[in-house]
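As structure tokens, the structure follows; a few thoughts come after it.
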């Protein structure tokens, strides 16, 4: 059974767009980006991609403004996407966590179902 989610749908859409965009830029181009959403005691969205793991030095500052991984040719952006996504998560009473290994990198947004929409 799915539970209703009270959230700012525009901001959650922006959060998801930022996570998918990040996966497309930094992930292995020959592998798909996988997106899962679920509800139980929380609303959870997970975005995973194959590719090189995130280096520990980058991982430590990943959600800070103006932080970018290895810059790729023709890459645009200021390094604000993950920072903005984390601020949207925080405004919804949630958080974003990341796990990165040689097999895959996954960003997971989770918020309590009873958090409601931010002011």
Just name the residue that is modelled with the lowest pLDDT out of those in the range 56-82 that are touching a strand residue (DSSP E or B) at 6+ places or on another chain (Cβ under 8 Å) and not in a loop (DSSP other than H, G, I, E, B).
-> 59
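In the range 9-51, which residue that is part of a loop (DSSP other than H, G, I, E, B) and touching a helix residue (DSSP H, G or I) at 6+ places or on another chain (Cβ under 8 Å) is nearest to residue 96 (Cα to Cα)? Full working, then the answer.
As a first pass, look at the range 9-51 and keep what is part of a loop (DSSP other than H, G, I, E, B): 27-33, 40-41, 50-51.
Within this subset, residues satisfying the condition of being touching a helix residue (DSSP H, G or I) at 6+ places or on another chain (Cβ under 8 Å) are 33, 51.
Values: 33: 17, 51: 20 Å.
Out of the qualifying residues, it is 33.
The values are calculated or read from the model by the stated rules, or taken from the named source; none is laboratory data. All figures in this text were calculated on a predicted structure; none of them were measured in a lab. Please note: Cβ atoms are built from the backbone with ideal geometry, for glycine as well, and neighbour counts cover all protein chains shown.
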